[in-house]
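Beneath this line is the structure, given in structure tokens, with notes to follow.
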């Protein structure tokens, strides 16, 4: 049985509490920490079966019975708490991104050297049944050598301008998941990025210094070309698709829906929209990534997504930003220190 | 080059004129006959490239240059003109049904004995690309032994009560195509029929002594069970599907649409309705059946649908009628003479 | 919080233990009873959070802290334990069928009179997301008046002959779920049943006195015609579909798959097979039916599936059996006492 | 009745002969010209109903009874024959591209000034039922303002190196159709092009100085971002899809297949591959573009695709070439004279 401490009781922290309490047989949430811990949250946690709550995450790090921590706090705390937790000998599951600053990620990489700590980054989409099946088809050679990789990733509604300002920009906030997906499906790192982006959804996003629509082309190290298209607003719901085209075929996936019911009438033949947003679409994936993390601890194996998998998408995001600003293709190597 | 005479310039006669003039390279329409031949029809025929028109179909039978006739006149004339044409040594393509009366069909069968005439019945759906592909999968053993055969056949709008009265009833007018389809896909004759039917679309159809909705179960000679569902009114268009389930798998087909465009919006994900009715859905099939008829003449081979293929669906229709009237399963053998 | 006792620790009993322990927040399994309770099962139950185990279900009925029982024991015990539990004042969730004998079900109906006990029958498919969506479309009038209802229900592999002998026959063992589905989608009872059935899958099933392939036609009280097709062996997996055709349109559902990945290669365009069998397809439905049962207790409302919903499919199954034996349409009223 | 002369009896010239002879009621092929006119071709043409053949296309231009010419000769002759035909007062349908050299196209534009000649360029895909439906959805505002336009265009097999050398390169030979499609769906011109391309299919193509795989990003004048992905070899057949994402929804189309039959077996659920190549996929589109050309002549209206629609995709192709060579985004304005 793995004892877990969860740092951060926001939306994603609570998702992990629920997953562990109901779906991960061999783990227990021993403590949930949040600086703004309310009585409601404490009561909810108790109800879910969490043993204790605290306002101070350092209590979790100090608890010798806790084996592993999940870092679900605000992005700027991910890397320092990662380092602290590693030094405290806790296995770490860290929400994405580790940091927007490559040097901060380097500090985590340093801390991991000579430690026996397991480290996993929270790119949940790799654990989605559809993307896993696409990946498996590629990995099993069913489509031959990958040549063109396409990822569509569109949110159902744009974030507010306040959020946009502190988000690090669309490429580091939203596309970062797609950068990870491209690496996952290609089976290698990106070499170069080119961005064509615009503000087409909400002028307030532009005023906040960001974009809301983009097509991003990538050259991968294995020679494949990848392309991501992003929008902050798809009126029909969360659109998350992938297609890998290769020398021996193509594999593609469409969106999950709440049912397969299709109505035929005088207007046409109508099926359901994609599931609304990430909480609807990826709930099972969130549980699965934690199961894999716990399993890596128990079996003393590599986690499926190590710290380098946390670094690369950030480099890709920074390169994308630079490509947009300088209106030219940017090599990832320009961003490596 | 095969010279063809077409008897009947109604809707289906004109479809065949068009097919032959534009799509059948090795046939020519030498004469088009219709007792109500108008100047407009004659002008249209000339325009299409038809050599001559007449009000008297006997002119066609008497013309030594005409090799084959297409009988597209009213149902009650199909069998007598068939017999006349056979005696005149013309190859015959006869629209379905040959007759509603089994004895009349027997007369055609008799006439064909000791003749060298090719005879083909107009069950056009066998030549539809979708049903052909279903049939091919079955014939090639891809689904093993057929066990359950399902045919859905629904018209987009009911006929008027006037038509219903002279139609011979839904089973002989509409379901007859589905009876043929069941034989085609099963690869054998039916042994027994049971009908559950009702008037759910239009009370006027009931007043005319007919039904408009039915589910018809059949036991086939090879042991498979077949089921047909019919409605005279599908608001979403002409619904023509088939499914064959067998010991090694299943093959099924859905409906053709005018395009594959799909719109995703806040209401759902909407594709096009099925093509509206038989003229839209089966235009290519009408041309193909004539091509096959002409080919059978040129190559002196069997037509794909002989006179016995005209008889069996009529027997099935008569059995269905009896089943409905007597509310019991009826053996086809009860109808055979 | 509702305290539950579960009677029967076989496959389905364990499914309910798991559902309640992990997904039903407001219920607890206080005791699990099974005459063949093993140490392994007891250990597993403890692990899941079940408070106690016993070999004697009467302990559950005698426990004043237990509010509700789930009867998951062998079919022949469903009705007597139902009656006992009702007399003990326990709310009852009873697996299908209540009994194959209508008189036994009548005893349960009698016991329920003048009691305040909630009674629910385990027709889990009503809680499947796909069938719920089909039902909702019908209930909301989206397809107008139902006219033709089609249910396809095919198992991936046939049961062994031993099981067949004690199963009550395919109509009461397997089709009973489809009879319930037809009532659910039609919104009314059946009036008449006609069966065309055969042994096409496994001769041993025929030797055991049963059939393995059937098409069953039903006339519903609202005038709609329903048709069920069954096979004990679909090589491509568990095939569970429904289609309702009505005056204003059609709603249909296909099968869930483990992913939406589709591979295009030189052989064709291939998606995944349906989920293998009921444990894969209906896991969420099993949890949902229990949630609804618990909710009906907590809110003191009607359960979604009362004892009469347990009776009707049994009558339909008995009528189907009679129809097959006597080779004629059988009215449900012939079976009512 | 419009009298047509066809210049060039190669593959596409013969496609147009067939279309006009069988499907375009109000046009006749009066003469077919080809410098390598063989007896076989002459016989075939006669059989199809073509009045005369010649080795010298100037006979066509000199024939006062011929109203319109179709230029289907080799690419380098398109612009000079266009100019000659315009001066001869013939309406012109010219296969794509008019020329690879912008100045040559300018000469055609000049020749058209002050003439009454109709001019149409052969971008046949605009007349495909699927792309027409996508375009119609956009044009009718069903998806709001277009924001992201995606075109997939992959050939089933690569051309031989000989062909590649004289083809003008993939962007002017193959992608040119996709550039037209992007303009068609966006409803405006492109502003900028960026290419990421590679040789992944056949090294011989690289040795011939060309690429075989590409992702091309475009900024359109209306602000939308477009992306084309190309491959010279899709093992599953001709892959021609489009998707337009906008402020109010998305419209997308998949590929036509030879039938809708789907086989379910132990391996999965398999439908047919896309139609093999352009002759299979676009046969109806080829006929429709000619019908529209003839109609524009008869009704004295604008052709659907004028000379400027011939110029723009060439500019886009040249910009793409430059982008690939200089590895940077290239503005279309850099290519305009």
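Debye-formula intensities of chain C, expressed as log10 I(q)/I(0) at q = 0.06, 0.09, 0.13, 0.15 Å⁻¹, are -0.22, -0.50, -1.04, -1.34 (one equal scatterer per alpha-carbon, no solvent). Based on the Stokes-Einstein relation at 4 °C and a viscosity of 1.567 mPa s, and on the Kirkwood radius from alpha carbon pairs, segment B:2-117 is assigned a translational diffusion coefficient of 92 µm²/s.
Once you keep just the Cα pairs under 8 angstrom separated by 6 or more residues, what percentage relative contact order results for chain D?
19
DSSP beta bridges in the protein assembly as shown, what fraction antiparallel, as a percent rounded to 5?
The antiparallel proportion sits near 60 percent.
What separates the residue C:62 label point from its copies, with the point 7 Å along Cα to Cβ, is 5.2, 10.6, 11.8 nm, written shortest first. Against chain A, whose longest principal axis is taken from its Cα atoms, helix A:102-112 shows a tilt of about 50°. In summary, segment C:279-327 shows an alpha-carbon radius of gyration equal to 1.63 times the 2.2 N^0.38 Å reference for compact globular proteins.
Let me check against my output: what whole-number percent is the relative contact order of segment D:2-117, with C-alpha pairs under 8 Å and at least 6 apart? RCO, segment D:2-117: 25 percent. When chain A is turned onto chain C, the axis of that turn runs closest to one Cβ of chain A, and that residue with its distance in whole Å is A:22, 2. Over the C-alpha atoms of the protein assembly as shown, the Rg to Rh ratio, Rh being the Kirkwood estimate, stands at 1.01.
Extending 7 Å from the Cα toward the beta-carbon at both residue A:43 and residue D:116 defines two label points whose distance is 8.8 nm. Using alpha carbons only, how many degrees (0 to 90, rounded to 10) separate the axis of helix A:75-87 from the longest principal axis of chain A? The helix A:75-87 is inclined about 50 degrees to chain A. For segment B:310-331 versus segment B:95-120, the spacing of their alpha-carbon centroids is 20 Å.
The orientation-averaged projection of the convex hull spanning the C-alpha atoms of segment D:196-274 amounts to 8.5 square nanometres. Remark: mean inter-chain Cβ contacts per residue of D:125-132 equal 2, using a 10 Å Cβ-Cβ cutoff to other protein chain atoms.
Restricting to segment D:3-155, compute how many DSSP beta bridges are antiparallel as a %, nearest 5.
0
How would segment A:253-306 be classified by its alpha-carbon gyration tensor: rounded, prolate or oblate, with rounded meaning a/c under 1.5 and the a/b versus b/c comparison settling the rest?
prolate
Within the listed set B:273, B:322, B:96, the residue fluctuating most in the Gaussian network model of chain B (springs between alpha-carbon atoms under 10 angstrom) is B:273.
Comparing A:61, A:200, A:311 in a Gaussian network model of chain A, where Cα atoms under 10 Å apart are tied by springs, the biggest mean-square fluctuation is seen for A:200. Using only Cα atoms, find the angle between the long axis of helix A:129-139 and the longest principal axis of chain A, and express it within 0 to 90 degrees, rounded to the nearest 10. Once rounded, the angle reads 70 degrees. Counting only DSSP beta bridges whose two residues both lie in chain D, roughly 55 percent are antiparallel. Zone of residue D:267 (label point 7 Å along Cα→Cβ, backbone N under 20 Å): which residues in segment A:127-149? A:134, A:136-145, by backbone N distance to the label point. GNM remark for chain A: springs join alpha carbons under 10 Å apart, and the peak mean-square fluctuation among A:154, A:126, A:241 falls on A:241. In this assembly of identical copies, the label point of residue A:299 (Cα plus 7 Å along Cα-to-Cβ) is separated from its counterparts by 4.3, 5.9, 6.8 nm, sorted shortest first.
What's the average, rounded to a whole number, of partner chain beta-carbon atoms within 10 Å of each residue's beta-carbon in A:228-238?
5
Per-residue Cβ counts within 10 Å, from other chains only, averaged over C:22-34: what number is that? Each step should come with its number before you reach the end.
Details: counts 4, 2, 0, 3, 0, 0, 0, 0, 0, 0, 0, 0, 0.
Mean inter-chain Cβ contacts per residue within 10 Å come to 1.
Remark: segment A:236-331 is approximated by an ellipsoid whose semi-axes, taken from the C-alpha gyration tensor as √(5λ), come to 33, 25, 15 Å, largest first.
Every number in this text was worked out from the coordinates using simple rules, so none of it is lab data. Being a predicted model, the structure only gives us computed values, none of them experimental. Cβ sites come from the backbone with ideal geometry, for glycine too, and all protein chains shown count toward neighbours.
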